[in-house]
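Data block below; observations after.
Rule-based calculations on the coordinates, nothing more; no lab input. Just so it is clear, the structure is predicted and the values come from calculations on it, not from any experiment. So basically every Cβ, Gly included, is an ideal-geometry build from the backbone, and we count neighbours across all protein chains shown.
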Amino acid sequence: MTAAPNDLKRTPLFDLHTALGGKMVPFAGYEMPVQYAPGVLREHIHTRKHAGLFDVSHMGQIIVRARSGDQADAARALETLVPVDVQGLAKNRQRYALFTNRHGGIQDDLMIADRGDHFFLVVNAACKDIDLSHLKSHLDETCIIEPLPDRALLALQGPQAETALAQYAPDCAAMRFMDVANLHINGADCIVSRSGYTGEDGYEISIPSADAAALAQALLDIEGVEAIGLGARDSLRLEAGLCLYGSDLDETTTPVEAALEWAIQKTRRRNGATQGGFPGAEIILDELENGATRRRVGLKPEGRAPVRSGAELFTDEQSENAIGIVTSGGFGPTVEHPVSMAYVAIEHVSPGTQIFADVRGKRLPVVVTKLPFITQNYKRK
Amino acid sequence: MLKFTEDHEWLQVEGDVATVGITEHAAGELGDLVFVELPDVGAKFDMGDVAATVESVKAASEIYAPLKGEIVEINEAITNDPAIVNTNPADDGWFFKMKLDDVSAAEALLDETAYGELIG
């Protein structure tokens, strides 16, 4: 984590972050604000109560367009890389997806939006170069793959997100969870989705880099909207039970192990109309029918000590054979207790099961808990 | 005698007992604390041993014994309410008191001016 500042990239909001007193840290090759003056705790709570503005411009934005001009060709092509129903995605709707590998592991998680004549993808910052070459090497015959490095990405999250964004773009209010629309906001042409990664209602706004700082400032000028750093983004997504790629998901975790079955629609499963055909399909489809040997679960530590990533899990205070490992953990400012996510052997994943985490040489009791820890607040209707 | 360490702890030495806490600078850098784990009374530490652990929302950090000695008292108020460390690190937010093996060793630690220069 000590890369020379020269090696780090900056987003179009860098000057705004420093002007706001953001504490800048290296993250996925970028200098990003981990927190501002209020600190992670207050920023987290503010987002759940009001609205938080996040700079997620480090994430990758990619357009996939069929060479034939037929969107169905691009949908079929994408389905060779992801186990989700892309062909069934309606125009201007978005879906959570996974790039799988031939071992059934997860190469990245992403969003795919159907924009009518192309698909719009948002991928993780640390994976974007790999994802781009993955797409190009597999889909080049049928699709034009176009990265959008000149667009920033802002996330506006929280119960006041709708009223705030509607001041500049009234049409955003009519959108529902996972809708995508082109909106003209503060003079800029934006691609807006009603989504996010905090468990709250909100929007992700793709905007030309040159217009990003002005829109961010305009949103921050609204009462109730505050700049929120990556620290609170992490605690918010953890409380919401959402996976962080590289921690909770990686090339060795399968979608079934990760409890992401919901992301694989029936049509892509065995006996579905568009079954299989993605990397690792045999392994993943088998696991969908028979289950996996371990599973991602929530853990609620019984004490006040956070149980963080890397902590090993045991059935009791003495046993020497670990039954699992924590992949994300910290303190949940909204639930006001420590929260963790872990992979646990399938025999021990029933909610309510008490197991023990090794923290600094002590065995602390933790209870397997349903995810999410908070009630998700999406605008579904 | 008020002394400081390069690990951002302060010690108030009275007789052969040092009261130990973390500096305002350290408390600010750590952010809002949500958990504090203190040593047991009677525990013995060498200088530089991990004596306590603090956790913010984001990360865990270790608090070191500034000198060799034995823990004679701990501040349970901060384990019940870790926020005290953030609001009053130099006073109510003290961590533990330790009986020093060698009081004169404290002389070698930083004084307030030297610590001020360290943190700039």
Taking a spot 7 Å from the Cα of B:ASP102 along the direction of its beta carbon, which residues of segment B:37-57 have an amide N less than 14 Å from it?
-> B:46-48
Could you state, as a whole-number percent, how many of the C-alpha pairs of chain A are farther apart than 26 Å?
-> 53
Environment charge at A:LEU299 (Cβ cut-off 15 Å; Lys +1, Arg +1, Asp -1, Glu -1) | +3
What aspartates and glutamates could a cross-link reach from B:LYS44, if we take a straight Cα to Cα line under 16 Å and drop same-chain neighbours fewer than 8 places away?
-> B:ASP16, B:GLU70, B:GLU73, B:ASP101, B:ASP102
Distant-in-sequence amide H partners of A:GLY332 (H built 1.01 Å from N, under 5 Å) = A:HIS337, A:VAL339
Can you work out the PRE-style zone for B:ASN80? Point 7 Å along Cα to Cβ, and I want the residues of segment A:292-320 with backbone N under 19 Å.
-> A:303-305
Taking the alpha-carbon centre of each part, the distance from segment A:358-381 to segment B:38-90 in Å is 27
Gain on full stretching of the segment that runs from A:ALA19 to A:GLU261 - 0.36 nm per residue minus C-alpha separation = 82.8 nm
Among the aspartates and glutamates, which fall within straight-line cross-link reach of A:LYS266, defined as a Cα-Cα distance under 17 Å, with same-chain neighbours fewer than 8 residues apart omitted?
-> A:GLU79, A:ASP85, A:GLU282, A:ASP286, A:GLU287, A:GLU289
Calculate how many DSSP beta bridges within segment A:239-345 are antiparallel, expressed in % of all such bridges and rounded to the nearest 5.
-> 95
Stokes-Einstein D for segment A:1-147, Kirkwood Rh over Cα pairs, 20 °C, 1.002 mPa s (µm²/s) | 125
Along Cα→Cβ, 7 Å out, is where each label goes; now give me the distance between the ones at A:GLU141 and A:SER319 in nm to one decimal.
-> 5.0
Segment A:8-162: antiparallel bridges as % of DSSP beta bridges, rounded to 5, reads 95
Linear extension gain, A:ALA210 paired with A:HIS184, 0.36 nm per residue minus alpha-carbon span = 7.9 nm
Residue by residue through segment A:17-34, which ³J(HN,Hα) values in whole Hz follow from phi under the Karplus form 6.51 cos²θ - 1.76 cosθ + 1.60 (θ = phi - 60°), with glycine and proline marked x?
-> 4, 5, 4, 7, x, x, 8, 8, 9, x, 8, 6, x, 10, 8, 10, x, 7
Rounded to the nearest 0.05, what FRET efficiency do A:ALA28 and A:VAL335 give with R0 = 25 Å and r taken as the Cβ-Cβ distance? Could you check?
-> 0.35
Given the options A:GLU226, A:GLU261, A:GLU79, state which has the largest fluctuation in a GNM of chain A using a 10 Å cut-off (strictly under) for Cα springs.
-> A:GLU261
Towards the positive end of the charge dipole of chain B, with charges on Cβ (+1 Lys, Arg; -1 Asp, Glu), say which of B:GLY15, B:PRO39, B:LEU110 has the farthest Cα.
-> B:PRO39
In nm, spacing of pseudo-spin labels at B:GLU29 and A:TYR378 (7 Å Cα→C-beta vector) = 4.1
Rounded to the nearest 5, the percent of DSSP beta bridges in the protein assembly as shown running antiparallel is 95
Highest-fluctuation residue, A:GLU302, A:GLU347, A:GLU239 considered, GNM on chain A with Cα pairs under 10 Å | A:GLU347
